[in-house]
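Peer 1: Input: one structure, supplied below.
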Amino acid sequence: MAAMSPSKRRLQRELMSLVREPPPGVFVDGDEVGQNLTQWIVHMEGAKGTLYEGEQFQLQFKFSSKYPFDSPEVTFIGGNIPVHPHVYSNGHICLSILTDDWSPALSVQSVCLSIVSMLSSCKEKKRPPDNSFYVKTCNKNPKKTKWSYHDDSV
Amino acid sequence: MLLNFCDPCLRTEVSCSTVSTEGYEVTNLTKDNSKGFLAYSCIKPPIHIDLKFICNIQISHVIIWPSVGAQKSSGFQLSSKAIDDQAIQHTVLAAGYLNSNDVGVLFYRRDIDESVSNTPYHFLRRYIKISNQRSVNQASNLRICILKTENSVPALGRIEVWGRVSRCCGRDVIASIHSMWIRKHIPQDSQSNKTTAIDPISTRKPQNRSEILVNVPEEFLDPITCEIMIQPVTLPSGKIIDQNTLEKHEANEALWGRTLTDPFTGMPFNEFRRPIAASALKSRIDKYLLENSDLDEIKKLPRVLGSKFKPTAPRGRLLKLPATITKNDTTKDNVEIMTKTQHSLSTIQSSCHKRKAHHHTLPVVAVCSKQAAGPSKIMKRAKVITSKNNECIKTIKKEPTIIKIDSKLEENIQDVLSSLKRFSSPQHSICEFESCSCCSNSILYRLPCKHIVCRKVLTSITSLQCKCCGTPYKTCDPKRIYQ
């Protein structure tokens, strides 16, 4: 068996800590993720007192072998994709830490927290203005999109 | 539960009928090292290797890897007995002769599913006779006889004897042996304990590995990659990461066209906020690595030779100082020099006090050892100088001898003080950014003579002497300046 790659080791530790003490509203099935460490499904719940209260979402994380130096590919999947000005209907998320502002010090947990807070701060449920055009033309991998961040308030 | 009775945790005793080659003792077979067993070079088969188990076992299957390097045994016979008594003969269980393309041999009971053993396809497969129930189901000794070799010394790379604790042993024995096995093979943090019994061979190695990782103190692990740090550096944010991680981060930031920043805070580095070597932690890690260097995981780790972060010259010069002070000479301006000395002494003292104060108010500094250890050492030295100087001054008062004080004293003190880190007043430290003559925006280095050169110039210097003043320097002296 080949030596455990560095990204695996880090992912293993992140999984352990996420399973042991998950942030509120976030849930990871350790056994399911343990099968394939490079692709995680994280279950998420809309925070209480926000527009998304009571809703369930699934986030998919895909890690390259260069993780944590390279950012993970994060998209919403499943039947319920949140209606939010920064989330496209194909599940792509417009969030700077997922591409440009990624730092190896960030983790799955901090990304989850950022997304929860992004959802929680929403005032009005609507799709991004360029949704239909983007969804038709974009690449499957959100990291291939050249994002321009027009809202710094989140 | 299936256990491998050749695992060191189950303390099987192993012995051999002949002498072995040095370093390839038969006891290697029940250890975690992978060297294997080689008989002494003149020994010819047949030879016996006897295993004495901790309890009676029900043998399920035996896997034999017959080669050590180019040496390969090709004929094996398994025999066992239920009572550990010299007088009793072994009962033959199975025998097998390998072809040249067989990598190993698997002996298994006809009544088990051979896929359980998970051996590769090109292993020779042979049944174990179960006609003599006691010697298979309650074996206390197992003898592996090497009958034939391929023009080589009798060799045995590795063996695994899988089986269950025999039912005749009683419940408490079974439980205690299971707990010995579990303690080693199922790490507390892993969720995969279900797979151990089903898939023992393929899961063995990763388990050993994660077990080692569990034992490594948390502070020795890089918070970003979770690996043991080889060359820890303290970041301005206080976090300690590996130099290698920082370099990888730098390369990645360069892809975005950005300069190196602290990965935890995103703050760019500069002259006062830059990574420094955490040498106290490094020496603790080194000690740990040395003590555990027999572990495979640690053997593979790279080591660091010498140090990039060597302290530069001035300290050495300071030590020589007292000798020159006491030299006698007749010069007119001795009074002036004396006042100068006293002045400089008082600066040393006051700065010592200052430093002491900082030393106390910033206990965090203890982490970044070299910088922290520095001041206190120099403080001691400075004290030595003051006391010696006081003596000098006394002698001057007693008898009017004229003393020449090294005119370089002032300079030396400045030199020492400037190399110390000041936590309170960063603006105070020397800040003459005279940029390099040829370009101002490339990577700059400072030489020990305080001249600043760019990378291009630095690499063009072959004589190891500063281009401006001709001061020689060592290859490790130029320090990068972060702007």
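Peer 1: Select, from A:Q56, A:Q35, the only residue that is of a type outside the set (D, E, K, R) and at pLDDT 85 or above.
Peer 2: A:Q56
Peer 1: Determine if the range B:152-165 includes at least one residue that is at pLDDT below 85 and either in a loop (DSSP other than H, G, I, E, B) or outside the structural domain of B:H90 (by TED's automatic domain parsing) (or both).
Peer 2: For the range B:152-165, residues at pLDDT below 85 and either in a loop (DSSP other than H, G, I, E, B) or outside the structural domain of B:H90 (by TED's automatic domain parsing) (or both): absent.
Peer 1: Please find, among B:A280, B:A251, the residue that is surrounded by fewer than 18 Cβ atoms within 10 Å (Cβ to Cβ), facing chain A (nearest Cβ under 10 Å) and either outside any helix (DSSP H, G or I) or not acidic (D, E) (or both). Please lay out each step first, then the result.
Peer 2: Details: B:A280 fails: facing chain A (nearest Cβ under 10 Å).
Criteria check complete, one pass: B:A251.
Peer 1: Also: Which residues, counting only those in the range B:62-98, are β-branched (V, I, T) and touching a residue at least 60 places away in the same chain (Cβ under 8 Å)?
Peer 2: Within the range B:62-98, the subset β-branched (V, I, T) is B:62-64, B:68, B:83, B:88, B:91-92.
Within the range B:62-98, B:V62, B:I63, B:I64, B:V68 qualify.
Peer 1: Now for a separate question. Which of the residues that make up the range A:2-17 are small (G, A, S) and modelled with pLDDT of 85 or more? Outline the logic, then answer.
Peer 2: Taking the range A:2-17 first, the residues small (G, A, S) are A:2-3, A:5, A:7, A:17.
Selection gives A:S17 alone.
Peer 1: Pull up the range B:225-238, narrow it to residues that are part of a loop (DSSP other than H, G, I, E, B) and touching an Asp or Glu at 6+ places or on another chain (Cβ under 8 Å), then point me to the one that is farthest from the other protein chains (Cβ to nearest Cβ).
Peer 2: Of everything passing the filter in the range B:225-238, B:Q231 is farthest from the other protein chains (Cβ to nearest Cβ).
Peer 1: Separate question: List the number of the failed condition for B:D262; all other conditions in (1) more than 11 Å from chain A (Cβ to nearest Cβ); (2) within 25 Å of A:S71 (Cβ to Cβ) hold.
Peer 2: Every condition holds for B:D262 apart from (1).
Peer 1: Among the residues of the range B:171-204, count how many are at pLDDT 80 or above and among the small types (G, A, S).
Peer 2: Residues in the range B:171-204 being at pLDDT 80 or above and among the small types (G, A, S): 3 in total.
Peer 1: Taking the range B:465-475, which residues are part of a loop (DSSP other than H, G, I, E, B) and surrounded by 13 or more Cβ atoms within 10 Å (Cβ to Cβ)? Break it down stepwise before answering.
Peer 2: Filtering the range B:465-475 for residues part of a loop (DSSP other than H, G, I, E, B) gives B:466-471, B:473-475.
Once the filter is applied, which keeps residues that are part of a loop (DSSP other than H, G, I, E, B) and surrounded by 13 or more Cβ atoms within 10 Å (Cβ to Cβ), the range B:465-475 yields B:C466, B:K467, B:C468, B:T471, B:Y473.
Peer 1: Please go through the range B:99-149 and give me each residue that is of a type in the set (A, V, I, L, M, F, W, C), more than 20 Å from B:T12 (Cβ to Cβ) and in contact (Cβ under 8 Å) with a residue 60 or more places away in the chain, ordered by number.
Peer 2: B:V116, B:F123, B:L147
Peer 1: Another question, then. Mind listing whichever residues of the range B:77-134 are small (G, A, S) and in a strand (DSSP E or B)?
Peer 2: B:S79, B:S80, B:A94, B:A95, B:G96, B:G104
Peer 1: So which residues in the range A:73-114 are within 14 Å of another protein chain (Cβ to nearest Cβ) and free of Cβ contacts under 8 Å to residues at least 40 places away in the same chain?
Peer 2: Of everything in the range A:73-114, those that are within 14 Å of another protein chain (Cβ to nearest Cβ) and free of Cβ contacts under 8 Å to residues at least 40 places away in the same chain turn out to be A:I97, A:D101, A:W102, A:S103, A:P104, A:A105, A:L106, A:S110.
Peer 1: Here is a further query. Among the residues of the range B:254-274, which ones are assigned to a loop (DSSP other than H, G, I, E, B) and of a type in the set (S, T, N, Q)?
Peer 2: Listed by number, the residues that qualify are B:T259, B:T265, B:N270.
Peer 1: Just one of (1) crowded, with 18+ Cβ neighbours inside 10 Å; (2) part of a strand (DSSP E or B) trips up B:Y24, so point out which.
Peer 2: Status for B:Y24: all satisfied but (2).
Peer 1: Within the range B:2-43, track down each residue that is more than 26 Å from B:E150 (Cα to Cα) and either modelled with pLDDT of 90 or more or in contact with a Ser or Thr (Cβ under 9 Å, 6 or more places away or on another chain) (or both).
Peer 2: B:L2, B:F5, B:D7, B:P8, B:L10, B:R11, B:T12, B:E13
Peer 1: Still on this structure, please answer the following. In this structure, is A:S64 more than 10 Å from chain B (Cβ to nearest Cβ) and closer than 30 Å to B:N244 by Cα?
Peer 2: On the way: more than 10 Å from chain B (Cβ to nearest Cβ): yes; closer than 30 Å to B:N244 by Cα: yes.
It is true that A:S64 is more than 10 Å from chain B (Cβ to nearest Cβ) and closer than 30 Å to B:N244 by Cα.
Peer 1: Spot the failing condition for B:E297; the list is (1) among the acidic types (D, E); (2) within 13 Å of another protein chain (Cβ to nearest Cβ); (3) out of contact with any helix residue (DSSP H, G or I) (no Cβ under 9 Å at 6 or more places or on another chain), and only one is missed.
Peer 2: (3)
Peer 1: So which residues in the range A:3-32 are more than 9 Å from chain B (Cβ to nearest Cβ), of a type outside the set (D, E, K, R) and more than 27 Å from B:K248 (Cα to Cα)?
Peer 2: Result: A:P22, A:P23, A:P24, A:G25, A:V26, A:F27, A:V28.
Peer 1: Please go through the range A:1-24 and pick out each residue that is assigned to a loop (DSSP other than H, G, I, E, B) and either crowded, with 19+ Cβ neighbours inside 10 Å or hydroxyl-bearing (S, T, Y) (or both).
Peer 2: Scanning the range A:1-24 gives a single hit, A:S5.
Peer 1: Working only within the range A:68-111, note down all residues that are surrounded by 22 or more Cβ atoms within 10 Å (Cβ to Cβ), touching a Leu at 6+ places or on another chain (Cβ under 8 Å) and more than 19 Å from A:E45 (Cβ to Cβ).
Peer 2: Result: A:P68, A:S71, A:P72.
The values are calculated or read from the model by the stated rules, or taken from the named source; none is laboratory data. Everything numeric in this text was worked out from a predicted model, so none of it was measured. Here Cβ is always computed from backbone atoms with ideal geometry, including for glycine, and neighbour counts include all displayed protein chains.
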